[in-house]
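The values are calculated or read from the model by the stated rules, or taken from the named source; none is laboratory data. Computed from a predicted model, the values in this text were never measured in an experiment. Here the Cβ positions follow ideal geometry from the backbone for every residue, glycine too, while neighbour counts run over all protein chains shown.
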Amino acid sequence: MRTLILLALSAALLSAQPRPDHVVIIGVDGLSPDGILMALTPQLDEFRKSGAWSFRARGVMPTVSSPNWASMIMGAGPEQHGITSNAWEVDTFEFTPQCTGLDGRFPTIFGILRQQRPDSRIGVFHEWGGFGRLVEPSAPSHRFHDKDPKRVTAEAVSWWKANRPALLFVHLDLVDHAGHDHGWLSREYYEAVAAADGFIREIVQGVRGAAPDARTVFLVSSDHGGVGKKHGGMTMTELEIPWIAWGSGVASGREIEAPINTFDTAATAAWLLGLDMPACWIGRPVAGAFVR
């Protein structure tokens, strides 16, 4: 009943203002709240100043990449989508997904957008190669993978300018690499966070420069934090992640007090795009990030 009430309130809230034309999701692998607080991050600082944010959002267990990226784009947890470790593959799993959609896969935000708005342009750009297997093959209009974050960012911006997609997803992996190589909270880690902030700025400038009058919402989050040179354990520093919204209709300078889980990202994007959420999703829109 509580979930139904929240969804009804969310629908009423969004109906009071125009839906965005574009949603841009930027995922920074391994980015901890501390990383933003301690590193030089002018773009993310601006997002917090004129947007809505939480540093107490949570990923899912285990605190490794595949289950958490899956949960972010699938609006559900491992118990529903069945992706329980980095060893998961489409034909190698511990239990079956609770439901299936496009291409016989657990539905992602990309898949439900493709099914409900078939002509939509959808772009997926990722630095970590493993991210690609989490996405339905026929969902994106365009996908691009490269291990160089500069190329990933440049290609995403170039493609966005040419296509103005309804949904753009960009995954950056350099912060996680710095954590594993030098340690979370190390000087090198903070330098990588600062570099990621620069890539985010490049995306924002490219998107807004090409379509300054378009209604666009940016969502920025992560999959996990880290301890020492690793993650995958059961600590709050590994579980807690940043969650930031900025753009059209987003409240200014609002710290979100309500609980946020990573699977709420997909639900928020679906809500913004006017999509019906699958019954097997457990995420709910972060309505508190938007102007009431």
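When Arg164 is tested against (1) in contact (Cβ under 8 Å) with a residue 60 or more places away in the chain; (2) closer than 24 Å to Phe263 by Cβ; (3) out of contact with any Pro (no Cβ under 7 Å at 6 or more places or on another chain); (4) of a type in the set (D, E, K, R), exactly one condition is not met: (2). Glu155 satisfies every condition listed in (1) of a type in the set (D, E, K, R); (2) crowded, with 22+ Cβ neighbours inside 10 Å; (3) touching a Phe, Trp or Tyr at 6+ places or on another chain (Cβ under 7 Å) except (2).
Any chance segment 177-197 includes a residue that's over 30 Å from Val227 (Cα atoms) and either touching a Ser or Thr at 6+ places or on another chain (Cβ under 9 Å) or among the acidic types (Asp, Glu) (or both)? Among the residues of segment 177-197, not one is over 30 Å from Val227 (Cα atoms) and either touching a Ser or Thr at 6+ places or on another chain (Cβ under 9 Å) or among the acidic types (Asp, Glu) (or both), which makes the answer no.
Within segment 210-223, identify whether any single residue is surrounded by 19 or more Cβ atoms within 10 Å (Cβ to Cβ), touching a residue at least 12 places away in the same chain (Cβ under 8 Å) and over 18 Å from Ile200 (Cβ atoms), and answer yes or no. No - not one qualifying residue is present in segment 210-223. For segment 9-31, the count of residues that are among the acidic types (Asp, Glu), surrounded by fewer than 20 Cβ atoms within 10 Å (Cβ to Cβ), assigned to a loop (DSSP other than H, G, I, E, B) and modelled with pLDDT under 95 is zero. Within segment 103-112, being under 19 Å from Phe263 (Cα atoms) and either in a helix (DSSP H, G or I) or among the polar types (S, T, N, Q) (or both) holds for Thr108, Ile109, Phe110, Gly111, Ile112.
Residues that are surrounded by fewer than 24 Cβ atoms within 10 Å (Cβ to Cβ) and touching a residue at least 40 places away in the same chain (Cβ under 8 Å) were ranked within segment 185-196; the one that is nearest to Pro62 (Cα to Cα) is Leu185.
Is it the case that some residue within segment 131-149 is surrounded by fewer than 17 Cβ atoms within 10 Å (Cβ to Cβ) and either touching a Ser or Thr at 6+ places or on another chain (Cβ under 8 Å) or at pLDDT below 95 (or both)? Scanning segment 131-149 turns up no residue that is surrounded by fewer than 17 Cβ atoms within 10 Å (Cβ to Cβ) and either touching a Ser or Thr at 6+ places or on another chain (Cβ under 8 Å) or at pLDDT below 95 (or both).
Counting only residues that are in contact with a Leu (Cβ under 9 Å, 6 or more places away or on another chain) and surrounded by 20 or more Cβ atoms within 10 Å (Cβ to Cβ), segment 59-80 holds 8 of them. Being surrounded by fewer than 18 Cβ atoms within 10 Å (Cβ to Cβ) and at negative phi holds for only one residue in Asp264, Asp276, and it is Asp276. Using the structure shown, decide if Phe106 is surrounded by 15 or more Cβ atoms within 10 Å (Cβ to Cβ) and under 18 Å from the mean Cα position of the chain (by Cα). So Phe106 passes the test. Only a single item in (1) closer than 23 Å to Phe110 by Cβ; (2) surrounded by 23 or more Cβ atoms within 10 Å (Cβ to Cβ); (3) among the acidic types (Asp, Glu) is not met by Glu202, and it is number (2).
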